[in-house]
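Read through the structure below, which is laid out as structure tokens, and then see the notes.
Values quoted throughout were computed directly from the atomic coordinates according to the rules given, and no laboratory measurement underlies them. Just so you know, these numbers come straight off a predicted model, no measurement behind them. Every residue, glycine among them, receives a Cβ derived from its backbone with ideal geometry; neighbour counts consider all protein chains shown.
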Amino acid sequence: MHCRLYIKATLTAHATVAMDSEQTRYLRQVMRLQIGHAITVFNGLGGEYIAEIIQLEKDGGQCVLSEKIDANRELACRVHIIQAANRSEKIETVLQKATEMGAASFQIVNSERATLTLPSNKRDKRLERWQKIVIEAVEQSERTMVPNVQWLDKLLNLEKRGACFILHPRDAMLWQDVRDDVVGAKDITLAVGPEGGWTNQELALLHDQGFQSLKFGDRIMRTETAAPALLAAIQAVL
């Protein structure tokens, strides 16, 4: 399998780029690569570069970039996920799988039935871990853009783009009634509730902000299943 690395730096053709110790450990010990081997490098701003490894040490390394490849493997419709806070392992599953399926951004939001609290003194470290999970999923899935992950304390603070839907099984439109609208949409925002579901007050608040309730079939999915399932359906329509 060809190795891809995300490097948060300005990338230009023929430049020499530094790799950190964690990346060189991965190249040496996991991928079994050596000096002279080729890898793909990208910075999440579009496109990618084939690079040649020229240094590979325990404390870091370097590679030389070739010409830029204008690759674009992103969905034509940007899908933004609002995920109510759940146990950390469930959020990590959503971040990983939804990134692989093409999600454009994530907002993890506190809710009345949230099973995860995130005090301000632990927030930066947790967001760093979540962003790392997203980056690894981007590297694996050969995407060229890196979704951003935010934490929101209140539903009132959420950002919405394009057509907005609440994934909710009661009194909701059917997926088949809205899927044709996906084809021409530039942005879609999907709001997924916690394990206990959105409360009536939260549903009313989201409806007031322009969200419509959406039902995806007759079965009730787990909170960590909903976003990846809808992303797969959207990708199939596109």
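Helix 88-100: angle to the longest alpha-carbon principal axis of the chain, degrees 0 to 90, nearest 10?
Helix 88-100 sits roughly 70 degrees off the main axis of the chain.
Given points 7 Å out from each Cα along the Cα-Cβ axis, report the Thr12 to Lys186 separation in nanometres with one decimal.
So the label points at Thr12 and Lys186 sit 3.0 nm apart.
How high is the relative contact order of the chain, in percent, with contacts defined as C-alpha pairs under 8 Å that are six or more residues apart? Can you show the working numbers first?
Working: 471 pairs, mean separation 48.5, N = 238.
Worked out over the chain, it gives 20 percent.
I'd like to know which of Thr24, Gly210, Thr10 lies farthest towards the positive end of the charge dipole of the chain, counting +1 on Cβ of Lys and Arg and -1 on Cβ of Asp and Glu.
Thr24
At what distance in nm do the modelled label points of Ile50 and Glu22 sit from each other, each positioned 7 Å from its Cα along Cα→Cβ?
With each label point 7 Å from Cα toward Cβ, the separation is 2.9 nm.
By count of other Cβ within 10 Å, fewest leading, how are Ile35, Ile81 ordered?
Details: Ile35 12, Ile81 27.
In order of increasing Cβ crowding within 10 Å: Ile35, Ile81.
For the pairs Lys122/Lys186; Lys8/Lys186; Lys8/Lys125; Lys8/Lys154; Lys97/Lys186; Lys58/Lys90, flag any whose C-alpha to C-alpha distance is greater than 23 Å. All intermediate terms of the calculation are to be shown ahead of the outcome.
Numbers: Lys122/Lys186 35 Å; Lys8/Lys186 26 Å; Lys8/Lys125 18 Å; Lys8/Lys154 30 Å; Lys97/Lys186 21 Å; Lys58/Lys90 33 Å.
Violating the 23 Å limit, Cα to Cα: Lys122/Lys186; Lys8/Lys186; Lys8/Lys154; Lys58/Lys90.
How high is the FRET efficiency from His37 to Asn148, r the C-beta distance, R0 35 Å, rounded to 0.05? Intermediate results must be reported in sequence, preceding the final value.
Numbers: r = 31 Å, r/R0 = 0.89.
Once rounded, the FRET efficiency stands at 0.65.
Restricting to Cα atoms and excluding each atom paired with itself, what does the Kirkwood estimate give for the chain in Å?
Working: mean 1/r = 0.0522 Å⁻¹.
Result for the chain, one decimal place: 19.2 Å.
Determine, from the Cβ-Cβ distance of Val30 and Lys68 and an R0 of 41 Å, the FRET efficiency 1/(1 + (r/R0)^6), rounded to the nearest 0.05.
Values: r = 26 Å, r/R0 = 0.64.
Approximately 0.95, to the nearest 0.05.
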